[in-house]
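Taking it in order: structure first as structure tokens, then the write-up.
The values are calculated or read from the model by the stated rules, or taken from the named source; none is laboratory data. For clarity, every value in this text was computed on a predicted model and none was experimentally measured. Ideal geometry is used to build each Cβ from the backbone, glycine not excepted, and the neighbour counts take in all protein chains shown. SASA here: full protein model, heavy atoms, side chains in, ligands and nucleic acids out. Shrake-Rupley method; radii C 1.70, N 1.55, O 1.52, S 1.80 Å.
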Amino acid sequence: MKPSIRTLLAGLAWASALLLACPAHAAWNKDFPVHTRIVFDTTDKGLVLGAAQADVIVPVRLHSGNFDFAAAKADGSDLRVIAADDKTPLPFEVERFDGVNELALIWVRVPQVLPGTDKNVINVYAGNPAANVEGRSAVFAQHAVALHFSEADGPAIDAGSDLKTATPAQRETNGLLASSARLDGTALAIPADARLRVAAGGALTLALWIKPEAATEPATLAAMGPLKLLRRGDQLAADIGGTALAGGSLPAGAWAHVGLVLASGKATLYVNGKQAGEIAVAAPALDAGLEIGGGYKGLVDEVELLPAARDADWFHLQAAAQGADSGFVRSTKEVAGADEGGSGYFGILLKNLTSDAWVVIGILMAMFAIALWVMVTKGISITRASRANDVFMGHFRMEGAEARSADEFAESPLFRLYRRGLVEVDKRQATGKIELSGASLNAIKAVLEADLVRENHTMNARMVLLTIAISGGPFLGLLGTVVGVMITFAAIAAAGDVNVNAIAPGIAAALLATVAGLAVAIPSLFGYNYLAARIKTLSADMQIFVDEFVTRAAEAHGES
């Protein structure tokens, strides 16, 4: 079944509406114009992971370079974190939001981080003055302990529960992530609690950041009864119920991420995301609470205790995500509206199109749909006619009149001329005159030539629509451009803003109408020339066939 023009136009209108309504990157909510795009890069340029990591908690640093603090609320209560699909809200917590100094740190629970890609994306939105605190949840609820040391003063409070240190902690405002704890050798202790108990042989992960001062002997980084994580000299060490384990350098004056994992009858040490030592040991029962920094002098940040074992990729990711220098987390400030209707420069053009340009582009889209319909349907019909002609001529030259009833020639214009010629011959022989005079042959030829003209009209039908697209498309586009430029300059004059940033988007968008006109005209021109050449060939074949048919009729039935 041949496609109708109405069907093609409806399909094009639907596709165009879909493209305009569903851009490559649509804003989550237009009421939140401040947008920062965060990318977790696991390619060779970022952090190489061995396997996908699920349910990852990642810190996101915001600053004046990647976030518009001036447009956001001063207390950060309008912050929202949305997944890569720009639909799904993600759990997050705010550790710091300083609108005056334009610094913020938020923790986001990401469902999954895939290896080998830079498509791990989340979006941070803000800028809605009517928004209140919403969407924040206990990101660290699965932790036994998570200490940020972000409180102004007093004890350090666990981010996932009401656990807190028994004594106040001295704060260092500008620590690794936000605030850090400064220890002078006195331990910070969290009393024993059910959340801190680990059964004998159970699994446990302990991780924290440290920036030690000069080496002291001994220095306990963290302790849970018979389990101790130590710094001996400039080296990380552990004592698990009397079993010693050492490995990994911890120089003074530098931040280092250290960790210990107990699982499957062994203990493993990690330094800066890399395994530093391992030993077979039975995990003892732990129920004495948590102490941080007995005999240790220096800074401590982000103490994490989990009642489960984490692998090397987890430590690798944590060290990269939380560290100050890493290619794993990249962030960019997205310009409000620049990604609506498309991405990059094309989105800017669509955003700045004036209403008259949209009208012109809409007309041009309809013209292109009609031209495409003509080219497709005409190309199909001409191809079928040409093939049918070739088949018919092969039978005609070999079998003559036997071809008159062949259904396979139905689409052949030569067969239609042949059949009409036979009708004319039969009509004259029906009068009883077997031989045809010269006048009868001339009459038959005149009838065939009239049919030839009608066949030409049929083949050239609707070709004028292509000529309209060829000549009218560029002029319509130019009209849209001129009017768009006029409106742009009028708006600039009214606003009194004459800088190039105000002029360029409007003029560039206005030129899009001319591009659309050329996009209609150029394919139509190629299609018209191709179809016209094919039609001219078929017309010449028909003219030759008329002469050949009349010649055969004269030989077979002409007067002797």
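If you go through the stretch 406-423 and keep only what is modelled with pLDDT under 85 and part of a helix (DSSP H, G or I), you end up with D407, E408, F409. Only one of the numbered conditions (1) touching a residue at least 40 places away in the same chain (Cβ under 8 Å); (2) more than 20 Å from the chain's Cα centre (by Cα); (3) surrounded by fewer than 20 Cβ atoms within 10 Å (Cβ to Cβ) is violated by T117, and that is (2). Among the residues of the stretch 166-184, those identified as small (G, A, S) and either in contact (Cβ under 8 Å) with a residue 24 or more places away in the chain or more than 15 Å from E302 (Cβ to Cβ) (or both) are A166, G175, A178, S179, S180, A181.
For (1) in contact with a His (Cβ under 6 Å, 6 or more places away or on another chain); (2) surrounded by 19 or more Cβ atoms within 10 Å (Cβ to Cβ); (3) in a strand (DSSP E or B), each residue gets a yes or a no:
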{"residue": "Q142", "(1), (2), (3)": "no, no, no"}
{"residue": "E151", "(1), (2), (3)": "no, no, no"}
{"residue": "A181", "(1), (2), (3)": "no, yes, yes"}
{"residue": "A189", "(1), (2), (3)": "no, no, yes"}
{"residue": "R195", "(1), (2), (3)": "no, no, no"}
{"residue": "G201", "(1), (2), (3)": "no, no, no"}
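On the stretch given as the stretch 13-44, residues that are modelled with pLDDT of 85 or more, assigned to a loop (DSSP other than H, G, I, E, B) and either basic (K, R) or in contact with a helix residue (DSSP H, G or I) (Cβ under 8 Å, 6 or more places away or on another chain) (or both) total 1.
Let's see how each residue does on (1) under 25 Å from P413 (Cβ atoms); (2) open to solvent by less than 50 Å² (accessible area, probe 1.4 Å); (3) part of a helix (DSSP H, G or I); (4) modelled with pLDDT under 85:
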| position | (1), (2), (3), (4) |
| --- | --- |
| A450 | yes, yes, yes, no |
| S471 | no, no, yes, no |
| T481 | no, yes, yes, no |
| I503 | no, yes, yes, yes |
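Of the residues screened, T220 is one that is open to solvent by less than 50 Å² (accessible area, probe 1.4 Å) and over 46 Å from the mean Cα position of the chain (by Cα).
Going through (1) in contact with a helix residue (DSSP H, G or I) (Cβ under 7 Å, 6 or more places away or on another chain); (2) at pLDDT below 90 one by one, G248 falls short only on (1). Applying the set (1) part of a strand (DSSP E or B); (2) open to solvent by less than 30 Å² (accessible area, probe 1.4 Å) to A319 leaves exactly one unmet item: (1). Within the stretch 503-524, residues that are more than 23 Å from V376 (Cβ to Cβ) reach partners that are open to solvent by 10 Å² or more (accessible area, probe 1.4 Å) and not in a helix (DSSP H, G or I) with beta carbons closer than 6 Å, at six or more positions or on different chains, in the pairs P505/N352; G506/N352; A509/N352; A509/L353. Find the residue count for the stretch 153-167, including only residues that are surrounded by fewer than 22 Cβ atoms within 10 Å (Cβ to Cβ), under 11 Å from L188 (Cα atoms) and not charged (D, E, K, R). Adding up the residues that qualify gives 3. Between residues in the stretch 79-92 that are under 17 Å from N128 (Cβ atoms) and modelled with pLDDT of 90 or more and residues that are among the β-branched types (V, I, T) and not in a strand (DSSP E or B), which pairs lie under 7 Å by C-beta distance while being six or more apart or on different chains? Taking only residues 6 or more apart or on different chains, the pairs are I82/T88; F92/V139.
From the list G225, G248, G233, the one residue that fits, being out of contact with any Lys or Arg (no Cβ under 9 Å at 6 or more places or on another chain) and over 14 Å from E291 (Cα atoms), is G233.
Restricting the stretch 506-542 to residues that are among the polar types (S, T, N, Q) and surrounded by 14 or more Cβ atoms within 10 Å (Cβ to Cβ), which is farthest from the chain's Cα centre (by Cα)? Going through the qualifying residues, I end up with S539.
Just to be sure, is G265 more than 22 Å from I157 (Cα to Cα), under 44 Å from the mean Cα position of the chain (by Cα) and either of a type in the set (D, E) or open to solvent by 30 Å² or more (accessible area, probe 1.4 Å) (or both)? When the stated conditions are applied, G265 does not pass them. Here A10 fulfils each of the conditions (1) buried (at least 16 other Cβ atoms within 10 Å of the Cβ); (2) at pLDDT below 50 apart from (1).
Please enumerate the residues belonging to the stretch 50-79 that are open to solvent by 20 Å² or more (accessible area, probe 1.4 Å) and within 21 Å of G99 (Cα to Cα). Within the stretch 50-79, R61, H63, S64, G65, D68, A70, A71, K73, A74, D75 meet the criteria.
Within the stretch 383-395, no residue that is in contact (Cβ under 8 Å) with a residue 12 or more places away in the chain and of a type in the set (D, E, K, R) sits with its Cβ atom under 7 Å from a residue that is assigned to a helix (DSSP H, G or I) and open to solvent by less than 30 Å² (accessible area, probe 1.4 Å) at 6+ positions apart or across chains. Taken as a whole, the structure places R109 among residues that are open to solvent by 10 Å² or more (accessible area, probe 1.4 Å), basic (K, R) and either without any contact (Cβ under 8 Å) to a residue 60 or more places away in the chain or not in a strand (DSSP E or B) (or both). Return a yes/no flag: does the stretch 529-538 have any residue that is among the β-branched types (V, I, T), modelled with pLDDT of 90 or more and in a helix (DSSP H, G or I). Yes, some residue in the stretch 529-538 is among the β-branched types (V, I, T), modelled with pLDDT of 90 or more and in a helix (DSSP H, G or I).
Conditions tested, residue by residue: (1) under 31 Å from the mean Cα position of the chain (by Cα); (2) over 22 Å from L177 (Cα atoms); (3) open to solvent by less than 20 Å² (accessible area, probe 1.4 Å).
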{"site": "A288", "(1), (2), (3)": "no, yes, no"}
{"site": "E291", "(1), (2), (3)": "no, no, no"}
{"site": "G295", "(1), (2), (3)": "no, yes, no"}
{"site": "E302", "(1), (2), (3)": "no, no, yes"}
{"site": "A308", "(1), (2), (3)": "no, yes, no"}
{"site": "G323", "(1), (2), (3)": "yes, no, yes"}
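Yes/no per residue for (1) touching a residue at least 60 places away in the same chain (Cβ under 8 Å); (2) part of a helix (DSSP H, G or I); (3) farther than 21 Å from L262 by Cβ:
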| position | (1), (2), (3) |
| --- | --- |
| T186 | yes, no, yes |
| T205 | yes, no, no |
| W209 | yes, no, no |
| A238 | no, no, no |
| A246 | no, no, no |
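The condition (being at pLDDT below 90 and among the basic types (K, R)) is satisfied by just one residue among K119, K73: K119. What do you reckon, is E95 in contact (Cβ under 8 Å) with a residue 24 or more places away in the chain, under 21 Å from T332 (Cα atoms) and acidic (D, E)? So E95 fits the description; yes.
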